[in-house]
Amino acid sequence: MIDMLLDYWRAFSPEYRFYVIVIALFIPLTIAGVIAQIKVDSTFRKCAVFADCGLTAAEVARRVLDRNGLYNVQIQKISGHLTDNFNPVTNVLSLSQSVYGSRTISAIGVACHEAGHAIQHAKKYLFSTLRIKLVPVVNLANRALFPLLLIGMLLGFASPYTTFGTVLIAIGAVVFGLSMLFSLVTLPTEFDASRRAQKELRENFFSSEEAALSRKVLTAAAMTYVVSFLMSLIQFLRFVALLLMARNRDN
């Protein structure tokens, strides 16, 4: 039985085998993404212990910003759970309802992480700057790609065995290559923001035990970005595999 399956597998071209392997990786990575998100939520709840400093997450973030001379960065409360972000265009640090007024270690850690992004922007941190520049390019590419792919699929042309399909696939490879680059640049940006947050918390607000708890929250959040990068890598490799199949058609 095994020999028969191996013979069947060897009958495929190397390009097609590569494509099948890439597609097969979607399943474990999708599961990993769900697990990573669940881990973030569960870790956030487990570390929702009141900090001894007695300050809210917004108050700590404000002090961290002021300590770094970022008096012009505004802090606002937004709806949602863990929807926290820093917008470098408006210079606004937005904290979610579950973080803004909370005095817990987990919430303060998240708020300081976003303050870390504001510090990066002010100090022109390389990867943060690259990420900001890639945002409009990636957004434009994504908006252009999906209508093209949809038209191609509806007309039956989105195949590596047609010329029009090859063109669409090449465009897809470029777009997902940009998305992969964006995700790759995001990794050091997120890890550095957490590093800056941990330094501020450890030196000015938290005990060593509290700092260890906040590190767990930020580490769990960082893993979601790792999975996101791997997913974008798989998407890129899928289009590369299709291009290889198209090249094999022409040979």
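The values are calculated or read from the model by the stated rules, or taken from the named source; none is laboratory data. Every value quoted in this text rests on a predicted model; they were computed, and no experiment measured them. For neighbour counting, all protein chains shown are included, and Cβ atoms are generated from backbone atoms with ideal geometry for every residue, glycine included.
Among the residues of region 119-139, which ones are touching a residue at least 40 places away in the same chain (Cβ under 8 Å) and β-branched (Val, Ile, Thr)? Hits for region 119-139 are Ile119, Ile132, Val135, Val137, Val138. Mind checking which residues of region 83-105 are closer than 13 Å to Ala57 by Cβ and surrounded by fewer than 18 Cβ atoms within 10 Å (Cβ to Cβ)? Selection gives Gln97, Gly101.
Per-residue answers, yes or no, for (1) of a type in the set (S, T, N, Q); (2) in contact with a Pro (Cβ under 8 Å, 6 or more places away or on another chain); (3) over 19 Å from Val227 (Cβ atoms); (4) modelled with pLDDT under 95:
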position: Arg17; (1), (2), (3), (4): no, no, yes, yes
position: Val40; (1), (2), (3), (4): no, no, no, yes
position: Ala51; (1), (2), (3), (4): no, no, yes, no
position: Ala57; (1), (2), (3), (4): no, no, yes, no
position: Val64; (1), (2), (3), (4): no, no, yes, no
position: Phe86; (1), (2), (3), (4): no, no, yes, no
position: Leu93; (1), (2), (3), (4): no, no, yes, no
position: Val99; (1), (2), (3), (4): no, no, yes, no
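Conditions (1) at pLDDT below 95; (2) assigned to a helix (DSSP H, G or I); (3) not hydroxyl-bearing (Ser, Thr, Tyr), marked per residue:
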site	(1), (2), (3)
Val137	yes, yes, yes
Ile151	yes, yes, yes
Leu154	yes, yes, yes
Pro160	yes, no, yes
Gly165	yes, yes, yes
Ala170	yes, yes, yes
Phe176	yes, yes, yes
Leu201	no, yes, yes
Met231	yes, yes, yes
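Scanning region 203-213 for residues that are surrounded by fewer than 19 Cβ atoms within 10 Å (Cβ to Cβ), touching a residue at least 60 places away in the same chain (Cβ under 8 Å) and either of a type in the set (D, E, K, R) or not in a helix (DSSP H, G or I) (or both) yields a total of 1.
Kindly evaluate Phe191 against the criterion of being in a helix (DSSP H, G or I), aromatic (Phe, Trp, Tyr) and modelled with pLDDT under 95. Considered against the rule, which asks whether it is in a helix (DSSP H, G or I), aromatic (Phe, Trp, Tyr) and modelled with pLDDT under 95, Phe191 comes out as no. If the condition is being surrounded by fewer than 14 Cβ atoms within 10 Å (Cβ to Cβ) and under 20 Å from Glu190 (Cβ atoms), then region 57-82 contributes Gly80, His81. Where strands (runs of 3 or more DSSP E) fall wholly inside region 40-134, the ranges with 3 or more residues that are under 22 Å from the mean Cα position of the chain (by Cα) are 85-87, 92-96. Looking across region 185-205, the residues that are closer than 19 Å to Thr224 by Cβ and not basic (Lys, Arg) come down to Val185, Thr186, Leu187, Pro188, Thr189, Glu190, Phe191, Asp192, Ala193, Ser194, Ala197, Gln198. Within this structure, Lys216 passes the test of being in contact with a helix residue (DSSP H, G or I) (Cβ under 7 Å, 6 or more places away or on another chain), modelled with pLDDT of 90 or more, assigned to a helix (DSSP H, G or I) and among the basic types (Lys, Arg).
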